[in-house]
Amino acid sequence: MTNSISQSNLTIANETININGKSIQKIYGGFGNNQPCILAKQIAEIHGYEVKEINRAINNNLDFFENGIDYINLMNEKNSEVECNHQQLLEQFYSQEALNRSKNIYLLSQQGYALLCGFLKTDEAKKIRKQMVREYFVLKSKPKNVLKITKDYRTLLKAFKESGFKTDVAVNKTITAMKEIYGEECLDVLEITPKKIKKIAKNDRTVYFSTKEIAKEINNEVQNYIEVRMLNKYLVEQGYQEIYFTGSGRRYKATEKGKLFSNNSSAGKLRWKKEIINIIKDDFVK
């Protein structure tokens, strides 16, 4: 196992690769837990440029680079996808004097590096890029129990979601449980990053309805008039929700049974999945 200094999802590996006669220390993360990435300073070294020349090539063509996909500016925390204090990484590659005078310290993904090589416009750059793809931008080896880790992740995630947790919360709970079982290396297998969690949550298309909207749907289906207060009373009696009181009055929250069909919220914001209509509507037929 690689001995490394972990910076959240940014890792300096105790692993060097010889590129174009230069020994380059390998960095993982920033764009994915097991994704190799490279500093502009390292690129300058292996291509025989000064760092300022590489930075200039990036800055002059910045419209072609996508922040967080092709590059990260480690001197700009607002734009950095690395949710950690990366000072230890910076200090390993730069003197304090260099850090103090630097406006841009670029970290590039494989895609960003390939894009940069195109702007360097030399045959030597193409040759070095091919060697980098073969030898530097190689993913970390993954644990042997990949199938079991993936299966357990899916099983746990499904269980948390069925328990009523929103997708992003369910993912975080699943990750915590997986790390307790398998350790940090399971994240390399699953390739989970904070950015991926946000994307999963954004793509969750589950639609929830208020009790008023559920009552209206039932009324339309069974041709009967159901008042909201009647529906709330029914949901309490059937064990889907329970009453509690605050300074502003009566509120409802989902029971363990109700969490399967709700957004698991309270404080007057409890909402329901549409599928609960098919379960309870027959009880309201005339």
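The values are calculated or read from the model by the stated rules, or taken from the named source; none is laboratory data. Please read these numbers as outputs of a predicted model, since none were measured by experiment. Cβ coordinates were reconstructed from backbone atoms using ideal geometry, including for glycine residues, and neighbour counts include every protein chain displayed.
Here is how the numbers come out for the structure above:
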| item | result |
| --- | --- |
| Qualifying residue in the stretch 170-184 (condition: surrounded by 15 or more Cβ atoms within 10 Å (Cβ to Cβ), of a type in the set (Gly, Ala, Ser) and at pLDDT below 85) | yes |
| Selection count, the stretch 1-42, where residues are at pLDDT 80 or above and more than 18 Å from the chain's Cα centre (by Cα) | 17 |
| Single residue of the stretch 153-169 satisfying the filter (at pLDDT below 75 and among the small types (Gly, Ala, Ser)) that is surrounded by the most Cβ atoms within 10 Å (Cβ to Cβ) | 164 |
| Given (1) more than 39 Å from the chain's Cα centre (by Cα); (2) at pLDDT below 85; (3) of a type in the set (D, E, K, R), index of the condition residue 269 fails | (1) |
| Among residues of the stretch 12-24, those that are within 15 Å of residue 47 (Cα to Cα) and surrounded by 14 or more Cβ atoms within 10 Å (Cβ to Cβ), counted | 5 |
| Strands (runs of 3 or more DSSP E) wholly inside the stretch 9-48 that include at least 3 residues being assigned by TED's automatic domain parsing to the domain that holds residue 68 and of a type in the set (A, V, I, L, M, F, W, C) | 10-19, 36-39 |
| Pairs with Cβ under 8 Å, 6+ apart, first in the stretch 95-108 and of a type outside the set (Ser, Thr, Tyr), second in a helix (DSSP H, G or I) and at pLDDT below 85 | 99/90; 99/91; 105/90; 105/99 |
| Residue match in the stretch 267-278 (condition: more than 15 Å from residue 217 (Cβ to Cβ), aliphatic (A, V, I, L, M) and in a strand (DSSP E or B)) | no |
| Whichever residue in the stretch 223-278 is touching an Asp or Glu at 6+ places or on another chain (Cβ under 8 Å), of a type in the set (Val, Ile, Thr) and surrounded by fewer than 18 Cβ atoms within 10 Å (Cβ to Cβ) and, among such residues, is farthest from residue 159 (Cα to Cα) | 236 |
